[in-house]
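J.: Mind having a look at this structure? Questions to follow.
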Amino acid sequence: MTTIRSEMLNAMQGLTPKAEARFPGAKWSLENRKKSDRVVLEWPAIAQSFRRILNRYGAVKTHVDALGFEGTSNMWIAAQELVKTLPSMDSLRGEGDRAEDDLTAHCVHADAALIATDHADILRWGLNDRLLDLVEQYLETPPACIGVALRKDSPDGQQVGTRLWHVDGEDTNVFKVLVYLNDVGEKNGPFEYVPKDCFNPRRRRWSFRYHWFWRYFCKDQDIAKLVPKSQWEAATGPAGTAVLVDTTSVFHHGAIAQEGERLVLIFAYTSQNPKDMELCKKFFPRADLLPALGATLSPRQRDCLLHWRGLRAEQSLAS
Ligand SMILES: [Fe+2]
């Protein structure tokens, strides 16, 4: 029986007229035909089928250029500037083994204050209407943007922090958009996940082992007891690759980087009344600087970025 996934791949390869009709706009980059990481799902196909794909597999990969969101070039320039401000990886080296429960021990983060002030085009991209439409369509409720993070992973070979397999828990659904800022191959520590369809829904509901793994952070050898490695999906791709994922619906982690580096922007969204408000607020530690952006935001963007946190735009305070 033809699956949605095979139809989608056929559509992207331009092999099946029926599939092409079902996923219009899907495109295969001919010059890189043998490289699966060059598959690009274009905007019309994303808009029409991403929700169905996410519900079935938990994640979908595309490219920022294919999405065609407003402000993409400004976001990209701001992100490249922000990368220059990242702390040196030397600050992570030479410290020996790191605690597994330190979720950020394996990477350096850009200063959230700089994202809210000097490089706010990154945040604005995360609030463009087309993206908010997508998120709202998936969450079935107006979204909250809980923040943006820029991370650089160290190739230190240690499986700690969010390199351990886990499922996010900030809300019933957490929609994330990961944007790679450099080429990310198998050895750069790509985002890796277990597609939802690897589990039979009935077995998943009644499996003690499945629920045990669902609650804890696990190493590769542990999750392999639940799902063989051959079924894990590594989201590799060139700079600009974007992964749209519901991180509450799939086991996922950042694979252990072996060489080079992985630079990634992570945009995160929940409902405006999330299950764990405090955890959501921790995602962006300099929320105190966000009201200054209020004057440049639409009412919808203010709801999404500020109001659910109990913040008001500075313009509103002054009036
Ligand atoms: Fe996560």
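J.: So for segment 259-274 (the condition being acidic (Asp, Glu) and over 24 Å from residue 245 (Cα atoms)), does at least one residue qualify?
T.: yes
J.: Quick check, is residue 242 outside any loop (DSSP other than H, G, I, E, B), more than 16 Å from the ligand (Cβ to nearest atom), at pLDDT 90 or above and not aromatic (Phe, Trp, Tyr)?
T.: Here the answer is yes, as residue 242 does meet what is asked.
J.: On the given criteria, is residue 271 away from the ligand (no atom under 16 Å from the Cβ) and touching a residue at least 60 places away in the same chain (Cβ under 8 Å)?
T.: Yes, satisfied.
J.: Taking segment 86-116, which residues are modelled with pLDDT of 95 or more and loosely packed, with under 14 Cβ neighbours inside 10 Å?
T.: 113
J.: Any residue at all in segment 186-201 that is under 23 Å from residue 137 (Cβ atoms), away from the ligand (no atom under 15 Å from the Cβ) and free of Cβ contacts under 8 Å to residues at least 60 places away in the same chain?
T.: Checked against the condition, which is being under 23 Å from residue 137 (Cβ atoms), away from the ligand (no atom under 15 Å from the Cβ) and free of Cβ contacts under 8 Å to residues at least 60 places away in the same chain, segment 186-201 yields at least one hit.
J.: In addition: I need the full set of residues from segment 263-292 which are in a helix (DSSP H, G or I) and either within 20 Å of residue 142 (Cα to Cα) or under 20 Å from the mean Cα position of the chain (by Cα) (or both), in order please.
T.: Listed by number, the residues that qualify are 277, 278, 279, 280, 281, 282, 287, 290, 291.
J.: If I ask for residues that are of a type in the set (Ser, Thr, Tyr) and over 13 Å from residue 243 (Cα atoms), which ones from segment 41-61 would you list?
T.: Kept after step one, since they are of a type in the set (Ser, Thr, Tyr), are these residues of segment 41-61: 49, 57.
The one that is of a type in the set (Ser, Thr, Tyr) and over 13 Å from residue 243 (Cα atoms): 49.
J.: If the requirement is being touching a residue at least 12 places away in the same chain (Cβ under 8 Å), crowded, with 20+ Cβ neighbours inside 10 Å, among the basic types (Lys, Arg) and in contact with a Pro (Cβ under 9 Å, 6 or more places away or on another chain), which of these qualifies: 262, 300?
T.: Only one candidate qualifies: 262.
J.: Specify the residue that is farthest from the ligand (Cβ to nearest atom); the eligible residues are those in segment 140-162 that are within 27 Å of residue 116 (Cβ to Cβ) and not in a strand (DSSP E or B).
T.: 142
J.: A further question on this structure: Away from the ligand (no atom under 16 Å from the Cβ), part of a loop (DSSP other than H, G, I, E, B) and either more than 25 Å from residue 257 (Cα to Cα) or at pLDDT 95 or above (or both): is that true of residue 127 in this structure?
T.: Yes; evaluated as a whole, the condition is true for this residue.
J.: Taking segment 126-178 only, how many residues are buried (at least 24 other Cβ atoms within 10 Å of the Cβ) and basic (Lys, Arg)?
T.: 1
J.: A follow-up question, please. Looking only at segment 199-221, filter to residues that are at pLDDT 85 or above and outside any strand (DSSP E or B); which one of those is surrounded by the fewest Cβ atoms within 10 Å (Cβ to Cβ)?
T.: Taking segment 199-221 first, the residues at pLDDT 85 or above are 217-221.
Then keep just the ones that are outside any strand (DSSP E or B); that gives 217, 219-221.
Working: 217: 19, 219: 15, 220: 16, 221: 9.
Of everything passing the filter in segment 199-221, 221 is surrounded by the fewest Cβ atoms within 10 Å (Cβ to Cβ).
J.: Still on this structure, please answer the following. Going by what's in this entry, would residue 281 be described as over 30 Å from residue 156 (Cα atoms), surrounded by fewer than 19 Cβ atoms within 10 Å (Cβ to Cβ) and in contact (Cβ under 8 Å) with a residue 24 or more places away in the chain? First the steps, then the outcome.
T.: Working: over 30 Å from residue 156 (Cα atoms): no; surrounded by fewer than 19 Cβ atoms within 10 Å (Cβ to Cβ): yes; in contact (Cβ under 8 Å) with a residue 24 or more places away in the chain: yes.
For residue 281, the condition - over 30 Å from residue 156 (Cα atoms), surrounded by fewer than 19 Cβ atoms within 10 Å (Cβ to Cβ) and in contact (Cβ under 8 Å) with a residue 24 or more places away in the chain - is not met.
J.: I'd like the residue in segment 51-72 that is over 22 Å from residue 253 (Cβ atoms) and part of a helix (DSSP H, G or I) and, out of all such residues, is modelled with the highest pLDDT.
T.: 72
J.: Residue 121: touching a residue at least 40 places away in the same chain (Cβ under 8 Å), over 19 Å from residue 250 (Cβ atoms) and away from the ligand (no atom under 16 Å from the Cβ), yes or no?
T.: When the stated conditions are applied, residue 121 passes them.
J.: Say we look at segment 163-174 and pick out the residues that are of a type outside the set (Asp, Glu) and away from the ligand (no atom under 12 Å from the Cβ); which of these is nearest to residue 256 (Cα to Cα)?
T.: Taking segment 163-174 first, the residues of a type outside the set (Asp, Glu) are 163-167, 169, 172-174.
Remaining after also requiring away from the ligand (no atom under 12 Å from the Cβ): 172-173.
Working: 172: 27, 173: 25 Å.
This residue is 173.
The values are calculated or read from the model by the stated rules, or taken from the named source; none is laboratory data. As the structure is a prediction and not an experimental result, all values here were calculated from the model. Methodologically, a virtual Cβ is constructed for each residue, glycine included, from the backbone with ideal geometry; neighbour enumeration extends over all protein chains shown.
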